[in-house]
Amino acid sequence: MSDVATPLQYGDPPRLGPFLLQARLRVGPAGLVYLGLAPDGRAVSVAVLTRGAALDPAARDRFVTGVRDAMASRSGVRGWVARAARGRTAVADALPQVLAMDGGNAPWVATPYEPERAGAEWFLEPVLVSGTLIGERHGPDFAPHWVGDRSPALPPPPQSAPPPTETRRSVIVAAVALAALLVLLAVMMWLLLRGEEEFEQPPRPLPPTVFVPTPPPVPSQTPPGRPTTSPSPSQSGTGTPGPDDGEGDEEDPI
């Protein structure tokens, strides 16, 4: 692994559990080690498996088992990690203190950061296996298919909170208010239709009368010296006196 601390890169998780990640400490085929900050302000070392190692059940089990055995060793119980480390001249007291861990789909472990002592990177060592583990290591070496993966395993995004729901009382009140509005609307429509039926249409007005004036009568022109013939009784009508027979004879010229 590389011991040079580098800034966080694209794809690195900004936070693992309660720890805020600040920089990369080491990058290896089994996992990545980050420098983090605990909620109480002290520096921590956080190791997380790579994406390929997290998808390998055997590698994930070796990592989680190593972390749990280290916790048991510090509590006074020797575990598989202590027995495996005995061949490398390690004792249980030299194991890093486990502050927190997660054994889910993206396993990680956090330990106190001490530049002079092994931190969380110690738990990445049993993940890689060379040869066959039968007593002493022997047999052909092999490399897992995920050795070339250098992407950290990211925990799934937190589930969003369910949408807020109204209480049963508020739902009932809203339903009653809606029913009242529908009833009021129905009553208004009924009154409107009933008023249209009761309203009588006024009779149509007669068309206006058109008066066409008649021309005045034109008097007839009578030659001078000629008496005007008086109308006969039949022409003058009932009650109009006519000339006598004698008078008519006297007026005739000789």
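Those residues that are open to solvent by 30 Å² or more (accessible area, probe 1.4 Å) and either touching a strand residue (DSSP E or B) at 6+ places or on another chain (Cβ under 7 Å) or in contact (Cβ under 8 Å) with a residue 60 or more places away in the chain (or both), I need them from the range 10-31; list them, please.
11, 14, 15, 17, 18, 20, 22, 26, 27, 29
With the condition kept exactly as written, say whether any residue in the range 98-118 is within 25 Å of residue 17 (Cα to Cα), part of a helix (DSSP H, G or I) and either at pLDDT 60 or above or among the β-branched types (Val, Ile, Thr) (or both).
No; the residues of the range 98-118 include none that is within 25 Å of residue 17 (Cα to Cα), part of a helix (DSSP H, G or I) and either at pLDDT 60 or above or among the β-branched types (Val, Ile, Thr) (or both).
All but one of (1) under 30 Å from residue 59 (Cβ atoms); (2) open to solvent by 90 Å² or more (accessible area, probe 1.4 Å); (3) modelled with pLDDT under 85 hold for residue 163, so report the exception by its number.
Among (1) under 30 Å from residue 59 (Cβ atoms); (2) open to solvent by 90 Å² or more (accessible area, probe 1.4 Å); (3) modelled with pLDDT under 85, the lone unmet condition for residue 163 is (1).
Among the residues of the range 38-76, write down those that are outside any helix (DSSP H, G or I) and open to solvent by 60 Å² or more (accessible area, probe 1.4 Å).
39, 40, 42, 75, 76
Quick check, is residue 66 small (Gly, Ala, Ser) and under 40 Å from the mean Cα position of the chain (by Cα)?
Criteria not met by residue 66.
Tell me which of these residue 34 doesn't satisfy, since it passes every other one: (1) open to solvent by 30 Å² or more (accessible area, probe 1.4 Å); (2) without any contact (Cβ under 8 Å) to a residue 60 or more places away in the chain; (3) in contact with a strand residue (DSSP E or B) (Cβ under 8 Å, 6 or more places away or on another chain).
That leaves (1) as the condition not met.
Quick test for you: out of 28, 36, pick the one residue that is at pLDDT below 90 and closer than 22 Å to residue 13 by Cα.
28
The values are calculated or read from the model by the stated rules, or taken from the named source; none is laboratory data. Every value quoted in this text rests on a predicted model; they were computed, and no experiment measured them. All Cβ positions, glycine included, derive from the backbone under ideal geometry; neighbour counts span all protein chains shown. SASA here: full protein model, heavy atoms, side chains in, ligands and nucleic acids out. Shrake-Rupley method; radii C 1.70, N 1.55, O 1.52, S 1.80 Å.
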